[in-house]
């Protein structure tokens with residue numbers, strides 16, 4: 001599972017492990033992060049952890065972070081909903097995405 005997660009993160013500049021899909025989020029927190037990325041016009045890979053219980057637990061173990069969603073940008077773990085929301089509100093998420101040449 002660790003190898004699968006590593007590959008997903010490395011193959012996608014912006015990877016969001018979430019409950020549901022970007023078009024059909026299954027929780028409010030996943031919807032919030034997905035919508036913030038869409039607002040910034042960021043192309044991202046949504047990974048639905050509800051499709052695989054091993055993946056759902058695996059991403060928590062991988063990041064040592066207890067909650068979903070989890071956002072990775074260019075291989076770096078950014079955080080969950082509260083952190084991403086705070087970064088967005090401060091303009092730091094857009095700055096980070098610009099620095100990483102994603103937007």
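Work the Kirkwood hydrodynamic radius out for the stretch 40-103: mean of 1/r over every pair of different alpha-carbon atoms, inverted, in Å. All intermediate terms of the calculation are to be shown ahead of the outcome.
Values: mean 1/r = 0.0787 Å⁻¹.
It is 12.7 Å.
Once the Cα atoms of helix 53-63 and of the chain are each reduced to a long axis, what angle between those two axes, in degrees from 0 to 90 to the nearest 10, is obtained?
On a 0 to 90 degree scale, this one is about 50.
Beyond 17 Å, what share of the Cα-Cα pairs of the stretch 3-52 is found? Please give it as a whole percent. Each step should come with its number before you reach the end.
Working: 375 of 1225 pairs.
Value for the stretch 3-52 (Cα pairs over 17 Å): 31 percent.
Any chance you could run the full-extension gain for residue 53 through residue 23? It's 0.36 nm times the residue separation minus the Cα-Cα distance, nm to one decimal.
Working: separation 30, 0.36 × 30 = 10.80 nm, distance 2.08 nm.
Taking residue 53 through residue 23 to full extension adds about 8.7 nm, to one decimal.
Taking the Cα of residue 61, stepping 7 Å toward and past its beta carbon, and measuring to each backbone N in the stretch 1-17: which are under 12 Å?
Those under the cut-off are 1-5.
Can you give me the relative contact order of the chain as a percent, contacts being Cα pairs under 8 Å and 6 or more apart? It would help to have the intermediate numbers written out before the result.
Details: 143 pairs, mean separation 33.1, N = 103.
Relative contact order comes out at 32 percent.
Bear in mind these aren't lab numbers, they're just calculated from the coordinates by the rules spelled out. Since the model is a prediction, treat every value here as computed from it, not as a measurement. So basically every Cβ, Gly included, is an ideal-geometry build from the backbone, and we count neighbours across all protein chains shown.
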